[in-house]
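Following: one structure in structure tokens, then a few remarks.
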Amino acid sequence: MPDRIVFSDIDGTLLNKERELSEATITEIKRIKDNIPVVLISSRMPSAMTHLQEELGITNQPLICYNGGLVIINNQIVHSTTIPVTALEKINHFNKTLNNNVHLSLYNNDSWYVPAMDFWANREANNTKVTPVVKSTQEVITEWTQSNLGAHKIMCMGEESYIDKMYDFLQNNFGDSLHLYRSKPTYIEIAHKTISKLTAIKLLLNSHFNIPLSDAIAFGDNYNDIEMIEAVGTGVAVANAKKETLAIADEVTLSGKEDGVAVFIKKNIL
């Protein structure tokens, strides 16, 4: 079994039921980390990942954030792909027709902006241990336009009926340019169409690690993990993964809540 590098998703995969790293997971990753690089790969922003790196003792490794939209090595950005602010303007305009009933969280690098500390913002802050900046969407659009910035990720959150309408709007208007990932009935994660976890993995393997894709292990659970799990040498799904993810995985380990990543590493990586 190839075991030269490990990539792991975070939410639903690496964390326990308290959405934290278990002692077993910390122990197993610390056991292998000096010989086998362990790289975290997530839709999260950098500061929602660095505290996990610190617990695992892997702060020397790259970070793949925003599903591949932002890649960081030694605190330096080596790749960045953003959603243009013109798209954000159209999304914001449509949300007004919904009486702003969709919460729009806007992300660029390590900045996270929310229109209010509502139910959705508080839940994400609790899950990621990051506090957002409260600023109206229009203010962010104005500032980003002046600074020539875009969004690494847009998170739409709200009641399912409103999210249905937003998804239809996005699919009809941006289906060719934006990747729409409905992680829950009440969530839509939006990223640029050209990036994915796999594109970021290939970038790091080719330019930083000089390790072939066939020698990589990847752990995941959700739809946005399918491409990387299918492409690497050993793709591992946790037991709680989506059925489509389970179907293409080379191996299936225990669920994230049962320390599935740690159990697989302990059994297969000596």
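Considering only the stretch 51-75, state which residues are free of Cβ contacts under 8 Å to residues at least 60 places away in the same chain, in contact with a Leu (Cβ under 9 Å, 6 or more places away or on another chain) and surrounded by fewer than 19 Cβ atoms within 10 Å (Cβ to Cβ).
Of everything in the stretch 51-75, those that are free of Cβ contacts under 8 Å to residues at least 60 places away in the same chain, in contact with a Leu (Cβ under 9 Å, 6 or more places away or on another chain) and surrounded by fewer than 19 Cβ atoms within 10 Å (Cβ to Cβ) turn out to be Gln53, Glu55.
Sort out which residues of the stretch 6-40 are at negative phi and among the charged types (D, E, K, R), and write them in order of number.
Asp9, Asp11, Lys17, Glu18, Glu20, Glu23, Glu28, Lys30, Arg31, Lys33, Asp34
Somewhere in the stretch 225-234, is a residue part of a strand (DSSP E or B), at negative phi and not assigned by TED's automatic domain parsing to the domain that holds Pro115?
Looking through the stretch 225-234, at least one residue is part of a strand (DSSP E or B), at negative phi and not assigned by TED's automatic domain parsing to the domain that holds Pro115.
Considering only the stretch 179-193, I want to know if a residue exists there that is among the polar types (S, T, N, Q), closer than 25 Å to Gly256 by Cβ and surrounded by 14 or more Cβ atoms within 10 Å (Cβ to Cβ).
yes
If you scan the stretch 28-44, which residues turn out to be touching a residue at least 12 places away in the same chain (Cβ under 8 Å) and surrounded by fewer than 15 Cβ atoms within 10 Å (Cβ to Cβ)?
Lys30 - this is the single residue of the stretch 28-44 that is touching a residue at least 12 places away in the same chain (Cβ under 8 Å) and surrounded by fewer than 15 Cβ atoms within 10 Å (Cβ to Cβ).
With respect to Ser196, is the statement that it is closer than 19 Å to Asp3 by Cα and polar (S, T, N, Q) true?
no
Go over the candidates Tyr181, Tyr113, Tyr107 one by one and state the one that is assigned by TED's automatic domain parsing to the domain that holds Ile91, assigned to a strand (DSSP E or B), modelled with pLDDT under 95 and of a type in the set (Phe, Trp, Tyr).
Exactly one of Tyr181, Tyr113, Tyr107 is assigned by TED's automatic domain parsing to the domain that holds Ile91, assigned to a strand (DSSP E or B), modelled with pLDDT under 95 and of a type in the set (Phe, Trp, Tyr), namely Tyr181.
In this structure, is Ile217 outside any strand (DSSP E or B) and either of a type in the set (Ser, Thr, Tyr) or touching a residue at least 60 places away in the same chain (Cβ under 8 Å) (or both)?
Considered against the rule, which asks whether it is outside any strand (DSSP E or B) and either of a type in the set (Ser, Thr, Tyr) or touching a residue at least 60 places away in the same chain (Cβ under 8 Å) (or both), Ile217 comes out as no.
Scan the stretch 76-104 for residues that are part of a loop (DSSP other than H, G, I, E, B) and touching a Pro at 6+ places or on another chain (Cβ under 9 Å) and jot them down.
Hit for the stretch 76-104 is Asn100, nothing else.
For (1) among the small types (Gly, Ala, Ser); (2) over 23 Å from Ser161 (Cβ atoms); (3) under 15 Å from the mean Cα position of the chain (by Cα), each residue gets a yes or a no:
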{"site": "Thr86", "(1), (2), (3)": "no, yes, no"}
{"site": "Lys90", "(1), (2), (3)": "no, no, no"}
{"site": "Asn95", "(1), (2), (3)": "no, no, no"}
{"site": "Asn100", "(1), (2), (3)": "no, no, no"}
{"site": "Asn109", "(1), (2), (3)": "no, yes, yes"}
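From Gly256, Gly235, grab the single residue that is of a type outside the set (S, T, N, Q), within 23 Å of Tyr66 (Cβ to Cβ), touching a residue at least 12 places away in the same chain (Cβ under 8 Å) and out of contact with any helix residue (DSSP H, G or I) (no Cβ under 9 Å at 6 or more places or on another chain).
Gly256
Please go through the stretch 157-178 and pick out each residue that is acidic (Asp, Glu) and outside any helix (DSSP H, G or I).
Result: Glu159, Asp176.
Answer with yes or no whether Ala247 is more than 22 Å from Arg19 (Cβ to Cβ) and either at pLDDT 95 or above or of a type in the set (D, E, K, R) (or both).
For Ala247, the condition - more than 22 Å from Arg19 (Cβ to Cβ) and either at pLDDT 95 or above or of a type in the set (D, E, K, R) (or both) - is met.
Among the residues of the stretch 125-143, which ones are in a helix (DSSP H, G or I), surrounded by fewer than 20 Cβ atoms within 10 Å (Cβ to Cβ) and not aliphatic (A, V, I, L, M)?
Listed by number, the residues that qualify are Asn126, Asn127, Gln138, Glu139, Thr142, Glu143.
Mind counting the residues in the stretch 91-127 that are in contact (Cβ under 8 Å) with a residue 40 or more places away in the chain and of a type in the set (A, V, I, L, M, F, W, C)?
So the count comes out to 7.
Could you please give the count of residues in the stretch 5-36 that are assigned to a loop (DSSP other than H, G, I, E, B) and either within 19 Å of the chain's Cα centre (by Cα) or modelled with pLDDT under 95 (or both)?
13
The values are calculated or read from the model by the stated rules, or taken from the named source; none is laboratory data. In this text the structure is predicted, and so the values were computed from the model without any measurement. Neighbour counts run over all protein chains shown; Cβ positions are idealised from the backbone, glycine included.
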